[in-house]
Amino acid sequence: DRQTYAIAPHLPCGTVTPEILRKLADVAQKYHCQAVKVTSAARIVLIGVKEEDVDAIWAELGMDHGSVTGICVRSVKACHGTKYC
């Protein structure tokens, strides 16, 4: 919509704990995100974040926001091993 942002926390191999999943849902609800999307890159994205809420959301998640620009490798798919497969 060119008016809001999306936040995509790093989730190693798409694996999350129930606590992280609950925190993502709570933050999405508190900040009235338009949607929560599971991507093909095994990420969970909070969509429809207001600009003024971006820093507060990252702080509440307690996660490093990383970088979304520049020369880098993106969307690497990996198996997290026999623990879950």
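Just a few scattered comments:
- Every residue from segment 1-25 that is surrounded by fewer than 13 Cβ atoms within 10 Å (Cβ to Cβ) and more than 19 Å from ASP64 (Cβ to Cβ): ASP1, ARG2, GLN3, PRO18, ARG22
- Conditions (1) open to solvent by 70 Å² or more (accessible area, probe 1.4 Å); (2) free of Cβ contacts under 8 Å to residues at least 40 places away in the same chain; (3) in a loop (DSSP other than H, G, I, E, B): number failed by ASP64: (2)
- Looking only at residues in segment 26-35 that are out of contact with any strand residue (DSSP E or B) (no Cβ under 6 Å at 6 or more places or on another chain) and within 19 Å of ARG2 (Cα to Cα), the one that is most open to solvent (accessible area, probe 1.4 Å) is HIS32.
- A search for C-beta distances below 6 Å between a residue of segment 1-29 that is over 21 Å from GLY48 (Cβ atoms) and any residue that is not in a helix (DSSP H, G or I), counting only pairs 6+ apart in sequence or on different chains, returns CYS13/ALA78; CYS13/HIS80; GLY14/ALA42; THR15/HIS80.
- In a residue-by-residue description of segment 37-55, the property of being outside any loop (DSSP other than H, G, I, E, B), in contact with a helix residue (DSSP H, G or I) (Cβ under 6 Å, 6 or more places away or on another chain) and open to solvent by 40 Å² or more (accessible area, probe 1.4 Å) applies to no position.
The values are calculated or read from the model by the stated rules, or taken from the named source; none is laboratory data. This one's a predicted model, so the numbers in the text were calculated from it and none came from an experiment. Ideal geometry is used to build each Cβ from the backbone, glycine not excepted, and the neighbour counts take in all protein chains shown. All accessible areas refer to the heavy atoms of the entire protein, side chains included, with ligands and DNA or RNA removed. Shrake-Rupley method; radii C 1.70, N 1.55, O 1.52, S 1.80 Å.
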